[in-house]
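The values are calculated or read from the model by the stated rules, or taken from the named source; none is laboratory data. If you're wondering where the values come from, they're calculated on a predicted model, not measured in any experiment. Using ideal geometry, Cβ is built from the backbone for each residue, glycine included, and neighbour counts are taken over all protein chains shown.
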Amino acid sequence: MQSEINNTNLPKSMRYGLTSATAVAASKQMARFDSVNGTSYSPSSANEVRIRIKANGFADVKHHYVQFTITGAGNNASVDTHAGSFIDRMTIESGGSIVEQINSYGLYNSIRCNYNRSMDEIVKDDAGAGGSKLSALQAVGAFGNVAGADVAALLASVNTQKDAFIAATNNLTLGTGMGSLAMPLDVADAKIFCIQLESGLLKNHHEKALPDGLNEIELVLRLAGNKQAVVASNGSNPTWTMSEVSFNCPVYQIQDAGIMAEYRAAVADEGVLISGDTAKTYINSVVAGTGIKTLQINDRSLSCKALVTAIRDTAQDTTCEFYSNGAYGYSFAANTTQLESFKYIIGGVNYPQQDIKISLATTTLNLGRAHDETCKALAKHGDKYCNGMVTKQMLTGDINAAYAAPPATNSLLVPRGLVSIDLKKFSDDGLRMVGLNTSQNSSPNVLELNITTTFGVTADCTTFSICEAFYSMDALGGLSVVQ
């Protein structure tokens, strides 16, 4: 028997009563908060920027940006991946207490740039954040020298070389990917960058505004080293200064007295809770050699959603021709398997149950499982996978492939491979506390790397614990965090 037909059975194109709701009366303005501890900063002197933020209304932080000027000196260079590379540590304080801190921020920012940017964001960052962009590696066949005893022989030689060149290049398919080389920074350049910060509070779940009545918070940015933020040719010594730093954010005020009365009553009764994904940083070193290497990661989080480890050379942050933030992978020799497998052990349990195997050799390539874990681990809240731009070519390269004079920048050849494990129980943006509780016991958490061919260098293994943070504003405007 057919049920009664009503409006819910109609297509939306016929439901003329289904319209958008009228927005509450409000006003909005762009607020700017400038640094309070000087106007010029550099890695070798005043290397910390402090910005105090107190909005008169609701701060719409999903549209925030930090603006600053970078002036180049010493030698020409280029930004490493994204202008977030100029920051080594990001801290947000409230009432003298730290509510969020991300160490090795430039590296974390680079990881997010590679794995959490859609095409429109890449194009936007190319203009505003000096970010790297999609590019192709131009590969052409060799045009050999010609030889011949007379004109006829020379012409025959030219034609032979021409035909070989055409055969090697005609209809050549060029792979496209996102390089690690970003905007040039030449001596005396004074370029202005606008970046969004990878912050759990500022890029929170469900894009919540910072609440009206929130006490002043302080944003503290510690600068990266000169060679940590940029890349340049071997032997050069690029330097830079940062100036005119400001935090910019739209602030809106609700002009409906009844709505604001309800809001203030709710704040007085239960406060405001905002959740977001932040990162805790753990750094280990692995000396040259083979065998099982055990790295301690003593994370204590209520909801750890993922562990993500970037393997680099310990010299990358102090060597100008290495991509400090834009190169991390599985091997210090291209297409050569050095790290054969890995697993995390948390509370005495293997994650995953069986080791994740890796092979970079062309004939035995095995990257799918490792890359799948990374794509799940770095997914935004509620998403199944991240929207990354990392290709196979960007997983098999040499971590220390050096920048040289253009075009030999190795921008597309340095790897972006990560050692990751996804710990989320559910991928649902309507749920919280979906990660693994790593604070419930005191046993050490470890990462085991099975290295079958030595790295040949001392490797820096930086692990980010991606965890849920719960930011709470009390009735008096104080901000605290549980994570």
Residue that is surrounded by the most Cβ atoms within 10 Å (Cβ to Cβ), among those in segment 208-229 that are assigned to a strand (DSSP E or B) and touching a Ser or Thr at 6+ places or on another chain (Cβ under 6 Å): Ile217
Any chance Asn335 is crowded, with 22+ Cβ neighbours inside 10 Å and in contact with a Ser or Thr (Cβ under 6 Å, 6 or more places away or on another chain): no
The listed residue being at pLDDT 95 or above, in the same structural domain as Asn75 (by TED's automatic domain parsing), of a type in the set (Ser, Thr, Tyr) and within 30 Å of Leu210 (Cβ to Cβ), out of Thr318, Thr278, Thr309, Thr290: Thr278
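For every residue, the table says whether it meets (1) closer than 30 Å to Val272 by Cβ; (2) surrounded by 11 or more Cβ atoms within 10 Å (Cβ to Cβ); (3) over 33 Å from the mean Cα position of the chain (by Cα).
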| residue | (1), (2), (3) |
| --- | --- |
| Pro11 | no, no, yes |
| Ala25 | yes, yes, yes |
| Ser42 | no, yes, no |
| Arg50 | yes, yes, no |
Failed condition for Thr336, given (1) of a type in the set (Val, Ile, Thr); (2) assigned to a loop (DSSP other than H, G, I, E, B); (3) more than 29 Å from Val231 (Cβ to Cβ): (3)
Answer residue from segment 373-388, given it is among the charged types (D, E, K, R) and in a helix (DSSP H, G or I) and is surrounded by the fewest Cβ atoms within 10 Å (Cβ to Cβ) among those: Lys376
Which numbered condition Ser420 misses (of (1) at pLDDT 95 or above; (2) more than 22 Å from the chain's Cα centre (by Cα); (3) over 22 Å from Lys227 (Cα atoms); (4) polar (S, T, N, Q)): (2)
Members of segment 123-143 found to be without any contact (Cβ under 8 Å) to a residue 24 or more places away in the chain, farther than 30 Å from Asp80 by Cβ and loosely packed, with under 13 Cβ neighbours inside 10 Å, listed by number: none
Residue that is touching a helix residue (DSSP H, G or I) at 6+ places or on another chain (Cβ under 7 Å) and either surrounded by fewer than 16 Cβ atoms within 10 Å (Cβ to Cβ) or among the small types (Gly, Ala, Ser) (or both), where the choices are Thr318, Thr294: Thr318
Number of positions in segment 112-131 that are closer than 11 Å to Gly179 by Cα and modelled with pLDDT under 90: 0
Of all residues in segment 361-389 being among the hydrophobic types (A, V, I, L, M, F, W, C) and in contact with a Leu (Cβ under 9 Å, 6 or more places away or on another chain), the one that is nearest to Leu137 (Cα to Cα): Met389
